[in-house]
Each structure stands twice: as structure tokens, then as C-alpha cells.
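So the structure is just underneath, and the comments pick up after that.
Every number here is computed from the coordinates shown, using simple stated rules; none is lab data. Keep in mind that this is a model prediction, so the values were computed, not measured. All Cβ positions, even for glycine, are placed from backbone atoms using ideal geometry, and neighbour counts span all protein chains on display.
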Ligand SMILES: NC(=O)c1ccc[n+]([C@@H]2O[C@H](COP(=O)([O-])OP(=O)(O)OC[C@H]3O[C@@H](n4cnc5c(N)ncnc54)[C@H](OP(=O)(O)O)[C@@H]3O)[C@@H](O)[C@H]2O)c1
């Protein structure tokens with residue numbers, strides 16, 4: 001149960017982020033959800049509110065410092081703290097070899113996938129009490145470099161490193177920091193990465209939330225600096 005816990009989720013307009021918002025709402029968490037545009041975010045806010053969830057929706061680009069500051073400011077104004085931060089927002093970028101990778105897109109992907117969790121985590125830490133949990137969403141290509149995964153893979157390698165650094169820095173404050181590789185799921189990002197694949201061969205993000213609920217709850221109080229594979233965890237539940 002997450003009753004009384006304030007959970008902030010980036011990239012909650014669709015895919016995994018939306019599924020996590022729904023799963024946390026079912027556990028009675030108070031939610032702060034984010035994605036870039038009001039048009040994409042507000043339908044999710046409405047859906048959650050219809051199910052009686054307590055939800056604050058703050059549109060903004062989490063790779064932009066001013067938007068991050070606004071997100072945290074509004075969250076603190078409403079709830080006074082953030083107990084759980086899920087750095088989920090991400091972008092795929094082009095699937096081309098490094099030799100052909102456009103510099104502007106390289107910078108954009110690193111900004112969205114690596115600088116964003118840095119900015120947001122840095123802004124949230126002062127408002128996260130003991131017992132807090134930070135969950136960084138990584139990937140299979142965050143520990144194994146594969147051809148044509150370019151900046152996406154490099155950004156996720158970096159996010160694994162950020163997770164380990166933060167885990168060491170925040171341990172004495174009772175804040176845990178872990179990463180989760182969700183594995184292939186039926187989402188827009190997966191379809192863009194694997195256009196030939198039949199999406200039905202992949203689980204939905206709604207079927208892949210168990211490890212996130214575990215890491216958000218007190219059950220994982222002693223767990224920090226670890227890397228989880230969501231679908232392996234899901235099978236053990
Ligand atoms: N799907 C998979 O198979 C898979 C596998 C491994 C890892 N992952 C990881 O899982 C996470 C979720 O993936 P997904 O498949 O659910 O992706 P998705 O369907 O493409 O959704 C991405 C979400 O991130 C938001 N977003 C993107 N850039 C943003 C930014 N700069 N600021 C705020 N929000 C932003 C998007 O919202 P707007 O466009 O509305 O802003 C959307 O809500 C990502 O970190 C991804 O790398 C996914």
C-alpha cells in the first residue's frame with residue numbers, strides 16, 4: 001500500500017509512465033504526473049481523478065531547468081514533500097550508426113534521458129524525507145552496447161552510473177536509489193525501435209508494474225544501488 005506516499009512520475013502521458021500512475025493510484029498514493037504538453041497529460045489526469053486518485057498534473061519538459069523547478073515547486077506547494085521519484089520520461093532518438101548520428105539529436109537524447117534525471121533528482125532531494133525512493137528507468141542497452149542504439153544506449157549507461165553515485169551519496173539519509181530495466185513492452189517507443197515486431201508479442205506496461213510498486217513501498221526499505229529487471233521480478237510475484 002502506498003497510502004500517504006507522494007509519488008512523482010515523469011513521462012506519464014502514455015506507455016510505462018501512465019501504467020505506473022494507474023498502479024500507484026490503485027495503491028492510494030498521491031500523485032504528481034508530468035509529460036511535455038497539457039494536451040497529452042490532462043486526459044491521464046482526468047482518468048486518474050475519475051478513479052478518485054489525488055493527482056497533480058504539471059506539464060513541462062524535464063530537460064529544461066525552469067520546467068523542472070516549476071514541477072518541483074508545484075509538487076511541494078500541494079503536498080509538502082516527494083517520497084518517491086520515478087525518472088521514467090525518455091526518448092529513443094535515431095537508430096543509426098555513430099558515424100551517421102546527427103550531433104543535434106545526440107545532444108537532445110542525452111538531455112532528455114540523462115540530464116533530466118540529474119536536474120529533477122537534484123531539485124527533489126531537499127524535499128525527500130528519510131525512507132524516500134528514487135527509481136531510474138534504464139534499459140537492456142544500459143549495460144550492453146549494441147550497434148545502432150547510439151545516444152539512447154549511452155544515456156542509459158550514464159543513468160546506471162548516476163543511480164550508483166546517488167545510492168552511495170544518499171544512503172546515510174535513508175534514501176534509496178535503484179534502477180529498473182523494464183524490458184520490451186507494448187508501447188510507442190518499442191514500436192518505433194522495432195517496427196517489424198508484432199506488438200502483441202510483448203507484455204503491456206500495465207502487466208509490468210510489480211517491481212516499481214515494490215521499490216516505492218517500505219518493503220524495499222533496505223534496498224539501494226541495485227539494478228532490477230522488471231519482467232524477471234514480475235514472474236516471481
Ligand atoms: N518500451 C520499451 O520496450 C522499453 C524498454 C526499455 C526501456 N524503456 C524505458 O521506459 C521508459 C518509458 O518508455 P515507454 O516505452 O513508455 O515510452 P513512450 O511510450 O515513448 O513514452 C515516453 C513518455 O515520456 C514523455 N517524455 C518524453 N520526453 C520528455 C521530456 N523531455 N519531458 C517530459 N516528458 C517527456 C512522453 O510524453 P510527451 O511526448 O507527451 O511529452 C511519454 O509520456 C523510458 O525511459 C524508456 O527508455 C522502454
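The residues in segment 140-155 that are closer than 22 Å to residue 213 by Cβ and surrounded by fewer than 24 Cβ atoms within 10 Å (Cβ to Cβ) can be counted, and the count is 1. Here is the figure for segment 123-139: residues that are surrounded by fewer than 20 Cβ atoms within 10 Å (Cβ to Cβ) and within 15 Å of the chain's Cα centre (by Cα) total 0.
Criterion applied to 173, 190 was being out of contact with any helix residue (DSSP H, G or I) (no Cβ under 6 Å at 6 or more places or on another chain) and under 17 Å from residue 130 (Cβ atoms), and the one residue passing it is 173. Out of everything in segment 105-121 that is more than 12 Å from the ligand (Cβ to nearest atom) and under 15 Å from the mean Cα position of the chain (by Cα), what residue ends up being surrounded by the fewest Cβ atoms within 10 Å (Cβ to Cβ)? Looking at residues that are more than 12 Å from the ligand (Cβ to nearest atom) and under 15 Å from the mean Cα position of the chain (by Cα), I get 118. If only residues of segment 204-221 that are surrounded by 16 or more Cβ atoms within 10 Å (Cβ to Cβ) and free of Cβ contacts under 8 Å to residues at least 60 places away in the same chain are counted, the one that is nearest to residue 138 (Cα to Cα) is 211. A Cβ distance below 7 Å, combined with a sequence gap of six or more or placement on separate chains, defines the contacts here; from segment 124-151, residues that are farther than 22 Å from residue 185 by Cα and without any contact (Cβ under 8 Å) to a residue 24 or more places away in the chain reach no residue that is within 13 Å of the ligand (Cβ to nearest atom) and in a helix (DSSP H, G or I).
Please work out if residue 89 is under 23 Å from residue 27 (Cα atoms) and touching a helix residue (DSSP H, G or I) at 6+ places or on another chain (Cβ under 8 Å).
Working: under 23 Å from residue 27 (Cα atoms): yes; touching a helix residue (DSSP H, G or I) at 6+ places or on another chain (Cβ under 8 Å): yes.
When the stated conditions are applied, residue 89 passes them.
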